[in-house]
Structure formats: structure tokens, C-alpha cells
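Have a look at the structure below before the remarks.
The values are calculated or read from the model by the stated rules, or taken from the named source; none is laboratory data. None of the values given here were measured: they were computed from a predicted structure. Backbone-built Cβ (ideal geometry, glycine too); neighbour counts: all protein chains shown.
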Amino acid sequence: MDDQTVFKMDEPVGETRLDTAAQGLIGKPLDRFEGPLKVSGRAPYAYENLAGDPNVAFGYLVLSGTGAGTIRSVDTSAAEKAPGVLAVIHDDNGPRASADPNDQRPAAIKGEVVHFGQPICVVVAETYEQARDAARLVKVDVETREGQYDLLANRDRAHKAQNGAMQAEVTKGDFDTAFANAEVTLDVTYTTPSQSHSAMEPHAATAKWDGDELTIFGCYQLVSTNVGQLAKTLGISKSKIRMLNPYIGGGFGGKLGIGPESVFAAIAARQLGRPVKIALTRQQVYQATSRRSDTIQRVRIGTTRDGRISALAHDTITSNSPGDEFFEPTGISTVFLYAGENRQITHKLAELNLLLSSSMRAPGEAVGMLALENAMDEMAEKLGLDPIEFRRRNEPEVDPQDGKPFSSRALVPCMEEGAKRFNWADRPKAPASRREGEWLIGMGMAAASRKNLLQQSSAAISLSSDGRCVVSTDMTDIGTGTYTILQQIAAEILGLPRENVIVKLGDSDLPQAPGSGGSWGANSAGSSVFVAAEGVVAKIAEKLGVKPGDVTMKDGTAIAHNKRTPLAEILKGETITVTGTFKPGRTFKDTHQASYGAHFCEVAVNAVTGETRVRRLLTVAAAGRILNEKTATSQCYGGQIFGIGSALTEELVVDTRTGLLVNHDLAEYHVPVNADVPQLEVVLLPERDPIASPLAGKGIGELAICGVGAAVTNAIYNACGVRVRDYPMTLDKILPGLPD
Amino acid sequence: MKSFAYERASDPKAAAAIASRAHARFIAGGTNLLDLMKIQVETPETLVDITRLPLKEIVEAGGGLKIGALVTNSDLAADERVRRDYEVLSRALLAGASGQLRNKATTGGNFLQRTRCNYFYETNARCNKREPGSGCDAMNGFNRILAILGTSDKCIASHPSDMAVAMRALDAEVETLKSDGSTRRLTLPELYRLPGDTPERDTNLEAGELITAVRLPKPLGGTQIYRKVRDRASYAFALVSVAAVIGVENGRMETVRLAFGGIGTMPWRDARVEEALTGEAPSAALFAKAADILLAEAKGHGENDFKIPLMRRVLPAVLREATGVSA
């Protein structure tokens, strides 16, 4: 029996099996069930497939050593003669960087060099080291031209961005007049540098052709989109591609679109008639995939004397490579986070000869809220208000832009709970007023918000007579815990022990899900599992001759009208298969949906050196129903650590003379290490949002990164009185403001 | 990576003999060399594996210690005698790299690690150290971690070792074995070279010359401090560092040893700084004067200008900590 069931969310959900929780699994802090496979090396990543197959050849990308120009010629003759080399493939159709997370193919080389480190061609050899060695023999002759590498120098050349992840311009009322008439005003500009995702697993792909059918083992976050991108690039039908991404070693947005590794692997494998593997080196990941854009952000706030915002502007300039139109949507949260009648949120894009800028964890908020939440702190000080009180006074009743009701919004409860737990009342009242030996101590806070995104998603569930069930979808798990939460949802609804539920992910043959990105994965894919599982329950109810609502599923049995019947007795050897599809509906359009939180940070700034140490960091978050307390908390830890990096250490440095991304390895691109991270605290406030999804949950994956870096830098200001507006706050920027 | 021949030496003499061939390199921990080989900054034709040589002991000798060249950074830092008598060395080692790297990295290799200048690692950039005569992109580029003392117009690369800074403060000497079987001892200023016109040569070692041991003179006592300032709390090279051994008797600084990392093209030491302090009563004014002497010839190159005011604060702070005198 195979069945399809579709659920469109036009009304809020009532009480569900997740509320009654007969099996008691939902929300529990269960360990990720694939964890032991990963730590013991039994979960093969993209590059590890076809291990030991002597037929496999290895590719190595040749990258551009200049920043801008036209490719005159590519001399492959010396490389072709090198030991073990099978081919040097220079295909103008090859991508110049990764693809954006949409259905477009990645931008092709087309004879041009648009950024330093751009892929030019691929060398394929019998071994990896042979390919890497021969790659140095390829002579790329480029007619160079003067490139533009510096955002600050190009700020006046920026043009209005095309609408993308959000409208490029969102305005309301008359900002200029309101700002001019405001009793208290703040006008400050912040800059943030380019950043790199720096996932543990470097981008890799293994490609294998059987006739005209391609199997690609990849590392991509959005399987169905990625198959489409690859099909367009290779000029073949989507139906000829099978993509397998069951295990992904971190993505953070850097693997939303296909990268040069999979395209060149597929092209090379087709030409050679052999499977081909390509893994980027760490240096290549930094130079040839994508980055988060650098930004210049001007924030203006006008208020009444008592701190009511009357005018709010957030004007941003971001960068991208020529022809790439994605802009970092820094103002996403500025649209709805605070009240104010007159608003102006704009984004401009400067064309630079730098690597593609694309989505990186919480695109928009992650760096936008560094500026907004820092500015809120500056304004609170100007007004003589506690930063929490200033935010409370500007808490909007409804979405301040278009008046829609919030589906749920717990910003104020998060701030209050955090203040209590963190002992915020003990915050030094004046900057640079608390000292412990060489260390100046300060506390800062910031709000967190992340717009909730929800996507159509499908999943299939097969329940067999022995009480075992298989959940299948092309959803991915990038290390977030997707496998486990989908298992929990299915096991909860079907009343099964968790080990009876097998989850299959990351295979393009399976029903389509939206993949991992934008914090939408858990609720989109989870809702489709919910719908499919309810479809299975309906079939069981039908067999029992009762209404689905009268059945309780528990411990491999169905209980109805005081009678408990084992599944084996109901199914009698039959397997029920239902494909469930979830579609966002009217509730998504009629309300404004976002997750909220508050961050509290204590830092110590060394009065001699300007070094900052984060001593305490608390995030209180409210994101609707939490599906797994442990994986949700871990996501928040990750966001907090990203925030520490954004605030203090992470900067992809551009040599503005040549466009070289100078610090292209993990020794010099400084993500926080353990010693930079104190004991982190995360509190998940109980919340249920029946408008947001059938699961009553909202996105949490990216929530904690939003604003957290500003909590760190606000604490730095409180500690030492230095307000640096140029992120990251490295010690050289703090030094001049320290006491002698 | 370029293909290379791999030979395992049976004893130190054999190792030195094999390594005297053209384009040979010793390999021990490989924590720097292998990275450089992958990007073909180093392209040895022969690797001489010395990891099985009997150079792994720390023994008492000449009133001090003789440390085998293959003692790992972890073992050296943890050695009871080092922790007791040469605390500054133990602290410097633990301030370097990461636990995993220190488990592999050796004493001899640590001395010979190459600079971390970003342009030295980027083969599309110009670098006189990597490719003599090609130019220096670091000079007006991203030189945040590079040197302000001992530079030349050819090269401003800083020496990255923490261990060697402490060794310099302690007057350590390296023992070497040449390919002809002879041995010699070198102080660190004899081992290292300033870049001058030949930045491609980091040291005065001859082809095939193997560091076999390090000699530490008898313990100095005093208060020993290694202070490292960096861009994150661990696993980052020094922006500036100070290795200090300060002995105060009757209110005067009778023992003064100061060496500096992050600021020099070699592990840095300046006799004039020590002379200014030795025999004097500690005071804030004197500490400031010491910093002025140290930095008198310092030259920033833009991105690393901050090292001058930073060191001007850090050296006095170290001296305050060592002497307990803050006024």
C-alpha cells in the first residue's frame, strides 16, 4: 500500500501527538544516533567513497594567481607529461567559484579571471600527489587588468542591490524628517570583514558515470537544488544524476551550492571514463568556494528624550564579484526587531574582484546585528537607560513594517530571564570601573532574532508489521542532528522505540526536502515526517475501524477504546508506506514569524595588552517547541562560538593591492579555539508556536549567532570604555584607548 | 607534493652524510616541513628520517642540561628539571602551537621552523626568502605578525618560535654534527642570521649539518616569566612575547635576561636593555627606559606598527610582575 498525503498549513494546529507525547521521546536530549559512526570512521564522507577502487583517478584544481584579467592561454603541455597525469582539463564551462543557493548554475569561467584563486582547470592523475605536483606545471597566461579589491575605496561605486533574500530597500514613513526632528540621535558606521565558513570537511566530490548516468558523492546541503545546478552545468537531465550526501562534515552555508569540485570531477570522469575524486585543500576552500561579504553599515537611530524610537535607518554596502548579485541582507532583523514609525533599511552592492560572496550562517543577521545591537547599546548609553530597558521601551506590538501580528515573540521574557540568571544588576554602572589586577571587567547584552523560514518538504515512511519503520527524504544532516530529530518525530507519532526507526537522508532518489539552510530544516523536513507519520496512523485507525484521533500509538501498539493491539496483529505482515508533503500556507503569510533570544556576556580586557577574554556567555532562546534539547543546545553553542569569532578574531584578510585572500589557512584565519571559549550557558525557554508549523516549532539553528558578537563587544566597552566599530575587535584597535 | 627519496638513517653520522647531498632535508616531527612540501615551498629531493636516532634523552651535563634534538616539545615542557630550573622554557613551549603539534614537534626542529609570513606561504606572491630576488609583498602588505627589528629592505619575516626565545634568554647552545663527522657548538646568535641581502638563509648551518642536542647552562634561578600576546588565546603565533629571568638581591636586579619573540627576524635579545637594568633598583621609570632602549631602532611597516606601543607596555608589565615593583 502506497499513499500520498499533503498538508498545507492554513490554520494553527491544535493539540498533536507531540503534545500528548505518549512515547515520551520528543524534546528529549537524545544523543545523535549517527555520532558513533562518525567518531569511529564508519560514516563515509564524499571523498571516502569508492575507497580502494583502483579505477579511481584524482583531480587537483589549478587556481588563478592573479585577481583580474582575461585568460590568453592555458599551457598544459608540461603538466600532461608529468608522471601519472591522465589529463589536464581546461573547460571554460567550469565554475569560477561555488554556486549560490538557488537553482542557477554557478557562474562559468568564460575566459576570464574575476578573482584571485579562481579555478582555471583541473589536473587528473593516478594519485592525488601526482595531480597536485603536476598542477604547478600548468602555465596560465593572463592579460591582467586593474582589479577592484577594496570595499572602502569602492563604496561610492556601489549600486542598489537586486532584491534577493529580502527586499534591498524597505522603508516606511519619512526617515529623514523624523531623524532631523528627533530629540536624541545616534549616527554611527560599523565595518565587518569578509569571513569564511571554515567547515571541518573541505569541499570534496567523487564522480562516477555509468553510461549517461552520473552518480555524485557530494557534501552539499540542498540535494534537489544541487542536482538541478549540476544538471544545468553539465547540460544533462536531472533524472540522469544521482547525488548522495548522507554525511556532511559541516556546511555553515558554504556548501549550499555546488562547488568547482563536483563540476570538475563530473567533467573529468566523463572524459576519462573513470571515477574521479576531487578534494579542495584548505587553502583552496578559502579561495575558490565562497565567503561572507565584508560590509559597511551605517546605523542611525532617532528617539524621544525618554527613549522611544521615532526614526531608524540601517544602510549597508556589501560586495560581490562581477555578475554575482547576492547581497548580505544585514537589515533582515532591523525590519522587525524594534518599534519606530519612520524606517529606512537599504542595501547596496559594490562589484569587487573578490571571491563570490554568498550565504554564511545566518546571512544578514550574523553581521547585521553586530551593527544594530552595538548601536542600540550606544544609544542606550546616550539616553542614560539600561540596554534592556531601552529595548523594552521599543518592543513593538505588531510587525512595525507591515502591521502583521507576530506568531509568537518572547524577546522580553528572554531578556528578563537572562538578566536574572546572569545577575545583570551587578553590571558595572560606568565603563572601565571594575578591575581585577591587570584585567578590566565588563558586561554586555544584545538581543537575538532570526526570521523563521519554512519550505515545502516531503518524506516517506514505511511501517512494517514487525514494528520497524523507515523514514526517507533527501533532507541532509550537516552535523546538526537532523537524523535524530526526524527519528524522534516519527517514533513519537508512531509510538515506537527510537531504535525501531531508521532514517535515510541525503539521497536524491528520495522524496524532496528543502535541505539544510536558513534554519528551516528541522521544521520543514520535520513537518513532512509529521504529515507522513499521521498518514500512517490514519491507515492504522482505518484498519481498526476507529478515528485517527481516537488512537494512541505507544510501544509498538495502537490503543483505541481501551483496547491495545500490537502492530503485528494490525498489519499482519503488510507494510504501510505513506509519503507526506508539508506546504507552508496562510499562517505563514498572515503572521510575522521569528525566533528570539537574548545574549549576556562578561569579558575581561587586559589593561596592558588589550587582549579580550570572554569569561561568561549566556544565551536565552525561545524558538517554539524544541525537538531535541541536546541538539538544539549544541546549535546554540555553535552560534555563540561563531559570535565570539566574529567579535574578536575572524577576518578573511584581503590584500587590496592584488585581491589575494592572505590568511587562507586555519593557522591564520582565526576561528575561536577552546581556550577562547568559556563554559557556555544556553537556556531554552518553553514555547509553543502552533502558527509556525505543525510541530509548533521555529528555526533555532542560526538564532544564537544573531547578535551574540555585539554582546561581546558591548561588554568590551563596559569593561574598558573603548567602542571599536571596526570588527573584529583585535587588541591593536583597543590598545590606543587603554589607560597608560 | 614533489616526489622525493626517503631514507632512514641508522646513526647520526650516516644521517649527516646522506643529508649533505643536494636538496636533502632532515625530517623529524615534520610539523612545518610537510606543510611546506605540500605547497612546494620546500621541494627536497631526499628526506632523511632521523626519528629513530638515539637523540631523545635529557641528561644533566656541565651543571646544566643536555637535551637531545629529538625530545618532543611536550616531553621537554613536562620534564621535572626543566619545570624546576628553566621554568621560562617550559612556559614558552606550552605557549606554542597546540597539544597535538607539541606531541610531534621536536627540540631541534623547533629551532628550524620557517617564518609564518603569509607571503612566504603563498607561491603566487613575491617573497625574497622563498624565491631570492623576487621582491617582498609583505613590506607594504598584510604584515601584522612580522618583524619590527632586525629587518632589511629585502625581508621583514619574523621568527615564529616561542621555544627559541626562551632558549635565547637562557644562553642555550646547539650542538651539531657535520657531514664530515666533526661537531661544533653554536650560540643562538651564531645559529641564526639576520635577513640582510640573503633572507633565503635562516641559519648558518651547513648542508647536512644536524642539530644533535641543545645545552642549557647551569640554572639562573630568579623569577622566570614567558609572556606571549597573540590574536587568540591559544594556537596563534606571538604578536609580541617576552622571556624574562630576573633575580633581585638586596633591592637590585642582579640577574637580568630578556629575550623577545614576534618583534625580531630572529629570537631577539639586546644586551643594552639588560645592561640598563642590571644592578639597578627596579622602578617604573627604569622599566620604561628599558623599553625605549629595546625599541629605539624598531620600525613598523603599517599593519604591524602597533607592535611598538604594545611592546612598550608589555615589557614593563613583565618587569613589574618579575620584581613586584610597580611604581
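Quick notes on this structure:
- Search result, residues across segment A:657-686 that are more than 8 Å from chain B (Cβ to nearest Cβ) and either part of a loop (DSSP other than H, G, I, E, B) or hydroxyl-bearing (S, T, Y) (or both): A:G659, A:L666, A:Y669, A:V671, A:V677, A:P678, A:Q679, A:L685, A:P686
- Filtering A:T609, A:T633 for residues that are surrounded by 20 or more Cβ atoms within 10 Å (Cβ to Cβ) and within 13 Å of another protein chain (Cβ to nearest Cβ) leaves a single hit, A:T609.
- Any hit, segment B:274-282, residues being surrounded by fewer than 22 Cβ atoms within 10 Å (Cβ to Cβ) and touching a residue at least 60 places away in the same chain (Cβ under 8 Å): no
- The single residue among B:A317, B:A298 that is at pLDDT 95 or above, within 20 Å of B:R227 (Cβ to Cβ) and either more than 12 Å from every other protein chain (Cβ to nearest Cβ) or surrounded by fewer than 16 Cβ atoms within 10 Å (Cβ to Cβ) (or both) turns out to be B:A298.
- Candidate set from segment A:642-671 (those that are more than 21 Å from B:F142 (Cβ to Cβ) and either of a type in the set (G, A, S) or in contact with a Phe, Trp or Tyr (Cβ under 9 Å, 6 or more places away or on another chain) (or both)); member that is surrounded by the most Cβ atoms within 10 Å (Cβ to Cβ): A:G643
- Any chance B:E206 is away from every other protein chain (no Cβ under 14 Å), surrounded by fewer than 20 Cβ atoms within 10 Å (Cβ to Cβ) and not in a loop (DSSP other than H, G, I, E, B): no
- Total residues in segment B:159-203, condition polar (S, T, N, Q) and part of a helix (DSSP H, G or I): 0
- The criterion of at least 1 residues that are within 25 Å of A:E328 (Cα to Cα) is met, among strands (runs of 3 or more DSSP E) falling completely within segment A:129-208, by A:169-172, A:184-192.
- Within segment B:129-141, considering residues that are buried (at least 24 other Cβ atoms within 10 Å of the Cβ) and farther than 15 Å from B:H159 by Cα, the one farthest from the other protein chains (Cβ to nearest Cβ): B:C136
- Taking the criterion of being surrounded by fewer than 23 Cβ atoms within 10 Å (Cβ to Cβ), within 14 Å of chain A (Cβ to nearest Cβ) and touching a Ser or Thr at 6+ places or on another chain (Cβ under 9 Å), the residues of segment B:106-126 that qualify are B:Q113, B:R116, B:N124, B:R126.
- Residue in segment B:69-90 that is more than 12 Å from chain A (Cβ to nearest Cβ), outside any helix (DSSP H, G or I), small (G, A, S) and crowded, with 21+ Cβ neighbours inside 10 Å present: yes
- Here is the figure for segment A:9-25: residues that are surrounded by 14 or more Cβ atoms within 10 Å (Cβ to Cβ) and closer than 22 Å to A:Q456 by Cα total 6.
- Candidates B:A327, B:A288, B:A276 - the one that is out of contact with any strand residue (DSSP E or B) (no Cβ under 6 Å at 6 or more places or on another chain), within 14 Å of another protein chain (Cβ to nearest Cβ) and assigned to a helix (DSSP H, G or I): B:A288
- Yes/no for A:I267 being surrounded by fewer than 24 Cβ atoms within 10 Å (Cβ to Cβ), among the hydrophobic types (A, V, I, L, M, F, W, C) and within 23 Å of A:D103 (Cα to Cα): yes
- Summed over segment B:232-251, residues that are within 12 Å of another protein chain (Cβ to nearest Cβ) and touching a residue at least 60 places away in the same chain (Cβ under 8 Å) total 8.
- Test: A:V614 is within 14 Å of chain B (Cβ to nearest Cβ), outside any helix (DSSP H, G or I) and hydrophobic (A, V, I, L, M, F, W, C): yes
- Among the residues of segment A:434-474, those identified as assigned to a strand (DSSP E or B) and among the small types (G, A, S) are A:G442, A:G444, A:A446, A:A447, A:A448, A:S449, A:S457, A:S458, A:A459, A:A460, A:S462, A:S472.
- Candidates are the residues of segment A:126-168 that are without any contact (Cβ under 8 Å) to a residue 40 or more places away in the chain and away from every other protein chain (no Cβ under 14 Å); the one that is farthest from A:T289 (Cα to Cα) is A:D156.
- A:Q283 meets the stated requirement of being within 14 Å of another protein chain (Cβ to nearest Cβ) and not in a loop (DSSP other than H, G, I, E, B).
- For beta carbons closer than 7 Å, sequence separation of 6+ or different chains, a first residue in segment A:98-125 that is on the phi < 0 side of the Ramachandran plot and a second that is among the acidic types (D, E), the qualifying pairs are A:A107/A:D324; A:A108/A:D92; A:I109/A:D92.
- Some residue of segment A:697-705 being within 14 Å of another protein chain (Cβ to nearest Cβ) and assigned to a loop (DSSP other than H, G, I, E, B): no
- Residue among B:F111, B:F142 that alone is of a type outside the set (D, E, K, R), touching a residue at least 40 places away in the same chain (Cβ under 8 Å) and over 28 Å from B:T255 (Cβ atoms): B:F142
- In the condition set (1) surrounded by 24 or more Cβ atoms within 10 Å (Cβ to Cβ); (2) within 14 Å of chain A (Cβ to nearest Cβ), B:S98 is compliant with all but (1).
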